[in-house]
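The values are calculated or read from the model by the stated rules, or taken from the named source; none is laboratory data. Just so we're clear, the structure is a prediction, and the values are computed from it rather than from any experiment. Here the Cβ positions follow ideal geometry from the backbone for every residue, glycine too, while neighbour counts run over all protein chains shown. Note: areas computed on protein heavy atoms with side chains; ligands, DNA, RNA excluded. Shrake-Rupley method; radii C 1.70, N 1.55, O 1.52, S 1.80 Å.
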Amino acid sequence: LPPSIEGRKKMKFSEGAGSAEVMAKTAEREIPRDVFERERVVEPDLTLRSPEELYYYRIWREVMGAGIPAKLVGRTRDRSAAVGVSRGG
């Protein structure tokens, strides 16, 4: 591997592979801000932090159905998923 890759900091897989930016842009395109604001509270004890989280939540619910409570699914502690936090670049 080239030194630029070998010596870089550890990243989440999606960031290192480049899919994080693609997914964030897809979510922004698919879920307008007004829709996100209207749908961000998806369960009584779960408020989503960004259109991207809503995008993933919709996919998860479509695949898993309503049988699994969302509180059993881990969330990233990475605040870059939060509303208003810059991704850089």
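What the table shows:
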item: Heavy-atom accessible area ranking, 1.4 Å probe, most first, across Ser50, Ser4; result: Ser4, Ser50
item: Length added when fully stretched, Arg8-Val73, from 0.36 nm per residue minus Cα-Cα; result: 20.4 nm
item: Inter-probe distance in nm under a simple model that places probes 7 Å from Cα toward Cβ, at Lys25 and Ala66; result: 3.7
item: Candidate aspartates and glutamates - alpha carbon under 14 Å from Lys25, same-chain residues fewer than 8 apart omitted; result: Glu15, Glu52, Glu53
